[in-house]
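This report concerns only the one structure given below.
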Amino acid sequence: MTALSRRELLAAGVLAVPCLAGAQTLIGRALASDPTKAAGTEAETAYDPKAHEWGFVVDTRNCIGCGLCVEACKDENHVPRDPELNRTWVERHTQLPDGTLLVEAPEAGGAGFPVDPVTLAPMAGPKGDSAFVPRLCMQCDNPPCVSICPVSATYKTPDGVVLVDQERCIGCGYCVVSCPYGARYIVPSGGDSPTGNAGVADKCTFCYHRITKGAQPACVQVCPTRARNFGDMNDPLSPVSILIRDEQTVTLRPEVGTKPRVRYIGLPSQEL
Amino acid sequence: MTITLAGRTVQVGPRSAVRTLRGEVRAMSWSLRLWLLALMGLMAVGAVGALLAIPAGDEVFGTTPTVEWGLLIAAYVLFVVTTSGLCLVSSLGTVFGIEAFAPVARRAVVMAALCLMAGFGIIALDLHWPLRLLFGVVLSPSPLSPMWWMGTVYGIYLVFLIIELVGMFGGWHRIARLGGSLALVTAIVAPSTLGAVFGVLVVRPAWHGPFMPAYLLATAVLSGAAMLALLYALVARFSLRGHGPASERALTAIGRLLAAAVGAGIFLTAWQMIVGLYGGEPGSSEAAQAQLTGPLALQWWVVRVIIGLLIPFVLLVVPRLRTRAGIGIAGALVLVGLVADRSGFVMAGQIAPATSASGVVSDPWAVYTPSLVEVSIVVGAAALVAFLYTLAERYLDLTEPVAEHPAGSVAGSEVAPARAPADARGVA
């Protein structure tokens, strides 16, 4: 009888401790976390997200495919080294003689590109148009990933950036599946991790920790050819405002209705 | 310490438990012992896989950012939709008063609860932070997300199923009826919310649209009828408790329903492919081509179409083949086909990589191979369902009380060592 109760007590204790601990941390987090403050620290209290509207313009005419942006992003944000897992990457789009479009991103474009396409045998005949196309999260104004998140871990800030609260994310992968741009991945354990969390969704934040302190995103700062341009669209003299005003810009996959904040100049004609 | 079970006083304690367990194993036939032992082996393999899958972020699955949803999502869909199907089919007897289906209620509800728990277990292992989901669904609800609705509805569904089970085996008929009616409503809503999880994704043309909720609801009937066909063929084969003219009639009725559901499945599958091929819409036509001639073709033609639909249809409509065994085999084959159906449709939505513009020639198909961990979890979950159901068949009274339900209560006694004496139960 006593042995039995001890056993029961032990079993109950073994079950109760992790349950209570989990409940406590989760409830604490749910009550304490204010989404707009998730990426911030005390130093940023002066930053007013409502006063900005961030925009990004990729000028593919300038991109030389050097891959510095990919490396800078990995270093700045502790993105896993796996070339399949990226916040930003560079693709080469080549129009083939038969009219199809070849898209390739060896090592996510982080190590530059060989002269000939890597995925095909050297081609006979002339190549068509080609362009390097840097890719990142489009920070959609109508982001599918935000509405479908079952626990509201992904949210849009007033200044137009889509962020992930990685303390709240359950790692279901629904946002990864819902993204038309392949901008998201699940952080694996045992390596670099942007916030030290594993098993959670991650993506480009426009380097939110930098832009809220007045700096440029790491990829923009490191770009040697001004292929990547970042700025406040509320400021008519910012580089993005000028490019949007003076050049013809397009967004990727307009047919899915996501209203991206990242715009492109000079994509191969076939893609327009 | 003692408890009273089925009118018998049972000693509960470590020593007496071992004694009773030994007695129970002795009382089993060799084939039953072998069956349970094999299932326990598979469960052990599944447990190893489950343990490997628990740490958040460990890359033990074959999934990639391109194919983020793999075998576990497919298995989850298979199990939870089967749950709905079992409730829908059993409601034909309990709610709609079709006499032939009356005997299936208890077996259907027990199997439904087991399948739902297996589904929940699989999805918990697929999620990296399942506990956060549990609290997140309540503390930060996000009603814009179909997945939130799905989680909520299936959670409520489990509660209703448990109420129905408790009422059923506790002899509280009104509670059982109430739980059954509520479970039926959620059984209809639940697979449609699951379909919506896939259907709302504009960027996955093979899933997008109102077809998915309807398809999952229709195939719920298919998988529920198939499961019951298999179970009732086994009841007849092994002359399990409650086997008699009523259960034979039920098997015939289930066979007819299954034939109709397979027919509907053939139509839906055919139109899904034909519509997919029209117009060459990126994503949609690629999904159809992948299944008809591409990397999913073997699985689609052989397992989903021939084994899962055509052979069962022949078995069910040709009078000479429509025997007890024929209906049971048809049920088993349909279930095998549904494994391919679920994994095929989860893959089809992701087979055309979304990471780049359309017309990509460099990577026409996304590649995904399930890891051993994923396979072992699914096999272990299926073995667990079979194991617990076998015990339920042996220790619970799964026959419908014909006139008056006996007073003996065996609520929640799946693990109880005491066996209710068969002769004291309401066996027809």
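Nothing in this text is a laboratory measurement; each read-out follows from the coordinates by a stated rule. Quantities reported herein were computed from a predicted structural model and do not represent experimental measurements. Note: ideal-geometry Cβ built from the backbone for every residue, glycine included; neighbour counts use all protein chains shown.
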Quick one: if you stick a label point 7 Å off each Cα along the C-beta vector at A:E247 and A:K213, how many nm between them? 2.9 nm
If you project the alpha carbons of the protein assembly as shown onto the principal axes, what extent comes out on each, in Å, largest first? 89, 63, 40
Ignore the peptide's own chain and count Cβ atoms of other chains within 10 Å of each Cβ in B:53-60; give me the average, rounded. 5
Compactness ratio of the stretch B:119-274: Cα Rg over 2.2 N^0.38 Å, N = residue count? 1.24
Taking N as the number of residues in the stretch B:62-370, what is its Cα Rg relative to 2.2 N^0.38 Å? 1.02
If R0 = 30 Å, then B:W35 and B:E248, at their Cβ-Cβ distance, give a FRET efficiency to the nearest 0.05 of 0.80
Order of A:F206, B:F61 - criterion: other Cβ atoms within 10 Å of each residue's Cβ, fewest first: B:F61, A:F206
Sites A:D235 and B:I266, calculated FRET efficiency, Cβ-Cβ separation with R0 60 Å, nearest 0.05: 0.45
Taking only pairs that are 8 or more places apart or on different chains, how many Lys pairs in the protein assembly as shown have Cα atoms under 15 angstrom apart? 8
Compute the relative contact order of chain B as a whole-number percentage, counting only Cα pairs closer than 8 Å that sit 6 or more residues apart in sequence. 26 percent
Determine, for each peptide in B:78-84, B:111-117, the mean count of other beta carbons within 10 angstrom over its residues, then list the peptides with the highest first. B:78-84, B:111-117
Taking 22 Å as R0, compute the FRET efficiency from the Cβ-Cβ separation of B:R26 and B:R237 and round it to 0.05. 0.35
Determine the sum of side-chain charges near A:P260: Lys and Arg each +1, Asp and Glu each -1, restricted to other residues whose C-beta is under 10 angstrom from that of A:P260. +3
Cα extents of the stretch B:38-112 along the principal axes, largest first, in whole Å, come to 51, 33, 17
